[in-house]
1. Take A:419, A:56, A:462 and sort them by solvent-accessible surface of the protein heavy atoms, 1.4 Å probe, largest at the top.
2. Under the classification rounded if a/c is under 1.5, otherwise prolate if a/b is larger than b/c and oblate if not, where does the stretch A:3-254 fall, given a ≥ b ≥ c as square roots of the Cα gyration tensor eigenvalues?
3. How would the protein assembly as shown be classified by its alpha-carbon gyration tensor: rounded, prolate or oblate, with rounded meaning a/c under 1.5 and the a/b versus b/c comparison settling the rest?
4. For chain A, calculate the relative contact order in percent as a whole number, restricting contacts to Cα pairs under 8 Å that are 6 or more residues apart.
5. In the neighborhood of residue A:424, defined by Cβ-to-Cβ distances under 11 Å, what is the net charge if each Lys or Arg adds +1 and each Asp or Glu adds -1?
6. Set the Förster distance to 35 Å, then compute FRET efficiency between residue A:478 and residue A:47 from the Cβ-Cβ distance, nearest 0.05.
7. Test of understanding: what is the full-extension gain from residue A:62 to residue A:415, defined as 0.36 nm times their sequence separation minus their Cα-Cα distance?
8. Once label points are set 7 Å from the Cα along Cα→Cβ at both residue A:19 and residue A:35, what is their separation, rounded to one decimal in nm?
Amino acid sequence: MELKRLTISSLHNRIARGEVKAADVCRAALDRIERLSELNAFITVRADAAMARADEIDHAAERGDKLPPLAGAVIAIKDNMVMRGVRTTAGSRILFNYKPPYTATAVDRLETAGAIIVGKTNLDEFAMGSSTENSAYGPVRNPWDTTRVPGGSSGGSAVAVASGMAMGALGSDTGGSIRQPASLSGVVGLKPTYGRVSRYGLIAFGSSLDQIGPFANSVEDAARILGVIAGHDPNDSTSSNVEVDDYVKSISSDVSGLRVGVPREYYGEGLDVEVKGKVEASIMKLQEMGAEIIDISLPHTEYAIPVYYLIATAEASANLARYDGVRYGYRAEEASTLKAMYSRTRDQGFGAEVKRRIMLGTYALSAGYYDQYYGKSQKVRSLIEGDFRNAFAKCDVIVTPTAPTPAFKLGEKTADPLEMYLSDIYTITANLAGVPGLSMPCGLSSSGLPIGLQLIGKHFDEATLLRTAHNLEQALGADFTPPPVM
Amino acid sequence: MGIARADVEKIAELARLELTSEETDLFTEQLSSIIGHVEKLNELDTTDVQPMSHCAPAGGDSEYAKRDDQVRSGLGQELAVENAPDPEAGYFRVPRVIGG
């Protein structure tokens with residue numbers, strides 16, 4: 001059995017009719033995880049718990065019970081979402097032994113909907129990175145070319161779905177951490193509107209930017225997962241009570257008359273020629289299907305990276321203050337005073353990129369610099385949000401590349417943090433404005449690497465993103481299965 | 001504007017990070033370079049712009065969802081200390097705070 005050939009959409013009915021056993025699907029996933037362990041996609045695999053859950057679903061099917069919507073779907077969870085009793089590391093040494101006493105709402109909703117949680121996936125430490133090289137548990141490799149990165153920070157989740165270790169996965173996206181690895185690994189990834197999915201149980205990085213979302217092999221499967229995890233949660237006061245659309249139903253409409261905005265700032269210097277070509281070809285497809293293509297401008301785009309690296313690091317420096325060796329995780333042993341224990345624990349427990357961001361955030365918030373850096377960045381964030389408001393007066397959805405290049409080599413950008421930050425140049429704006437963004441594969445480069453296209457929508461209009469993406473996916477009709485690894 | 005080594009030492013102190021000498025050197029160079037990049041924001045006149053301090057959902061009733069302030073049970077002492085590196089009788093034990 002090959003998970004890449006199964007869809008969550010078809011699995012439900014096949015299990016209900018007794019054509020497929022959840023146990024066989026789960027075993028296929030576990031075999032694949034073991035066989036492709038060199039990709040290092042998982043930090044923790046729940047083999048026994050997953051098989052036990054699969055058996056429960058098969059028993060329910062045999063009894064003729066009504067099966068929940070994701071019955072038997074094998075799902076992987078980024079290891080920065082907590083699950084009661086299951087080690088959750090956030091890719092950090094500082095949480096090497098943390099067993100959470102509660103479960104994240106999004107994970108809880110997946111389990112209630114019948115999903116089989118197969119394991120916790122590798123990530124850049126505390127979701128800080130664009131290559132999944134910053135993990136204390138080793139880098140993740142791209143199944144399309146194992147000398148290349150899968151993108152990040154949700155690289156493990158992207159690879160698990162791309163290489164058939166899971167049918168879907170959850171990631172988190174603060175500046176592109178779902179969409180950029182989806183692009184580099186050849187899968188669908190969706191960052192919902194800020195507030196669409198509860199962040200309860202997501203280990204916080206940048207709280208005004210973080211959002212949980214799905215990875216899947218098809219737009220329809222992503223729609224199904226989103227439908228389950230979206231909606232208000234009393235445990236997250238920033239989760240919205242705006243009604244959740246029927247995403248699966250919404251994808252069946254066509255794109256005739258849809259106004260598609262193409263922002264000129266996203267097609268300039270630094271964009272790979274092949275990426276540009278594939279994205280423009282997809283725009284032509286949309287036009288052939290009856291969409292109206294509109295030239296738009298998002299004039300403050302060039303300020304997005306500086307704004308992001310002040311706001312995200314400022315929020316991170318506050319959020320990561322809690323890791324001090326007192327209540328959970330790692331503690332440096334040799335310190336004789338409390339203050340020395342804090343400082344030594346944090347120096348030994350955090351990796352270089354996390355320390356760099358804590359330092360930058362602390363600086364941006366420190367007395368004498370607050371107005372100059374943090375205050376200024378909040379004002380420019382307003383201007384970026386305003387760009388989107390103006391654009392969406394003229395169009396219904398925006399099309400851009402997801403990342404400036406296909407997957408880069410391991411080690412290629414690790415020496416220069418700024419160079420790495422630039423790989424999120426097209427994704428960061430959606431987090432700053434709080435709007436939803438989706439990445440889908442739209443072609444392969446001449447060297448056989450996947451290229452991603454990004455759709456950005458209005459607040460809470462995931463339905464239009466998914467509809468546009470589904471229409472384009474059907475029109476492209478391409479198979480994005482990576483070549484066999486080794 | 002560059003960042004001096006002494007600035008990095010001060011920030012590390014504020015952030016409770018006991019950096020090694022090599023880390024301090026590296027961060028002095030890298031933070032200067034990043035701060036140089038963010039200075040770009042000064043090109044913009046933001047005198048009359050309101051800061052955006054949170055992402056209030058603009059799609060619906062732009063208000064955050066509220067709930068009644070009702071008493072709910074918490075984690076409880078046993079679970080709260082379960083992950084602690086050095087728990088003792090339901091408490092967190094730490095090195096001495098004063099006079100160390």
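The values are calculated or read from the model by the stated rules, or taken from the named source; none is laboratory data. Just so it is clear, the model here is predicted, and its values are computed rather than measured. For neighbour counting, all protein chains shown are included, and Cβ atoms are generated from backbone atoms with ideal geometry for every residue, glycine included. Side chains included, ligands, DNA and RNA excluded: accessible areas come from the protein's heavy atoms. Shrake-Rupley method; radii C 1.70, N 1.55, O 1.52, S 1.80 Å.
1. Numbers: A:419 80, A:56 100, A:462 0 Å².
Final ranking, largest accessible area leading: A:56, A:419, A:462.
2. Numbers: a/c = 1.40, a/b = 1.18, b/c = 1.19.
Rounded shape, in that the Cα axes give a/c under 1.5.
3. Numbers: a/c = 1.55, a/b = 1.14, b/c = 1.36.
Oblate shape, in that a/c is at least 1.5 and b/c is the bigger or equal ratio.
4. Here the relative contact order equals 18 percent.
5. Numbers: positive: A:179; negative: A:173.
Surrounding charge for residue A:424 is 0.
6. Values: r = 33 Å, r/R0 = 0.95.
Plugging the Cβ-Cβ distance into 1/(1 + (r/R0)^6) gives 0.60.
7. Numbers: separation 353, 0.36 × 353 = 127.08 nm, distance 5.59 nm.
Length gained, residue A:62 through residue A:415: 121.5 nm.
8. Reported label-point gap for residue A:19 and residue A:35 is 2.3 nm.
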